[in-house]
1. Between Pro137, Pro146, which is at pLDDT below 75, in contact with a Ser or Thr (Cβ under 9 Å, 6 or more places away or on another chain) and not in a helix (DSSP H, G or I)?
2. Residues being open to solvent by less than 100 Å² (accessible area, probe 1.4 Å) and of a type outside the set (Val, Ile, Thr): count how many of those fall in region 32-46.
3. Any idea which of Thr12, Thr71 is at pLDDT 90 or above, part of a helix (DSSP H, G or I), at negative phi and surrounded by 10 or more Cβ atoms within 10 Å (Cβ to Cβ)?
4. Would you confirm whether any residue within region 54-64 is modelled with pLDDT of 85 or more and either touching a Lys or Arg at 6+ places or on another chain (Cβ under 8 Å) or open to solvent by 80 Å² or more (accessible area, probe 1.4 Å) (or both)?
5. Is at least one residue of region 60-69 more than 37 Å from the chain's Cα centre (by Cα) and of a type in the set (D, E, K, R)?
Amino acid sequence: MFNDIGPLELLTLVVLAVLVFGPEKLPKMIQDVTRTIRKIREFSESAKADIREELGPEFKDFDFEDLNPKTFIRKQLDNDELGLKEIRNGFDLKKEMAEVTDAVHSRDTDASSSSSSSSPSSASGSSGGSIDMTKKPEKSDPDERPPFDADAT
């Protein structure tokens with residue numbers, strides 16, 4: 001219930017409670033709060049028991065936590081009727097990415113070795129339809145203006 005409260009926050013709450021209620025009334029307030037929490041839990045358990053009684057024997061394994069959408073979806077996905085575990089286990093994203101990376105790197109090494117071994121005329125022009133993305137555009141004259149696109153403005 002209070003999983004995310006740290007020791008410093010708890011100490012701050014205790015000091016604040018002592019300041020607000022005083023040391024005389026604080027034990028009585030703690031008893032009242034615990035009694036109220038206990039009554040709420042008893043009321044909740046009796047309501048759950050009444051609902052289970054009304055639903056009948058076909059819902060004997062009904063769990064109220066299943067009404068939480070997150071829990072319901074997790075329970076349904078863990079169910080192996082759909083075969084989702086096989087799909088999830090059969091797909092390894094790290095392996096797939098490693099294969100793609102290897103393929104890209106091998107293509108780069110193949111392209112660099114073929115361009116270095118080919119003639120200079122084929123390296124500067126068209127090299128079998130592949131485009132060299134590492135080439136930088138030729139420098140233009142400083143007085144030359146870049147092309148203007150009237151539709152872009």
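The values are calculated or read from the model by the stated rules, or taken from the named source; none is laboratory data. Note that the coordinates shown come from a computational prediction; the quantities given were computed from them, not determined experimentally. Positions of Cβ are backbone-derived with ideal geometry, glycine not excepted, and every protein chain shown enters the neighbour counts. Side chains are part of the model used for accessible areas, which takes the heavy atoms of the whole protein and leaves out ligands, DNA and RNA. Shrake-Rupley method; radii C 1.70, N 1.55, O 1.52, S 1.80 Å.
1. Exactly one residue qualifies, and that residue is Pro146.
2. Residues that pass the stated criteria total 3.
3. The unique qualifying residue is Thr12.
4. yes
5. Going through region 60-69, the residues more than 37 Å from the chain's Cα centre (by Cα) turn out to be none.
Taking every residue of region 60-69 in turn, none turns out to be more than 37 Å from the chain's Cα centre (by Cα) and of a type in the set (D, E, K, R).
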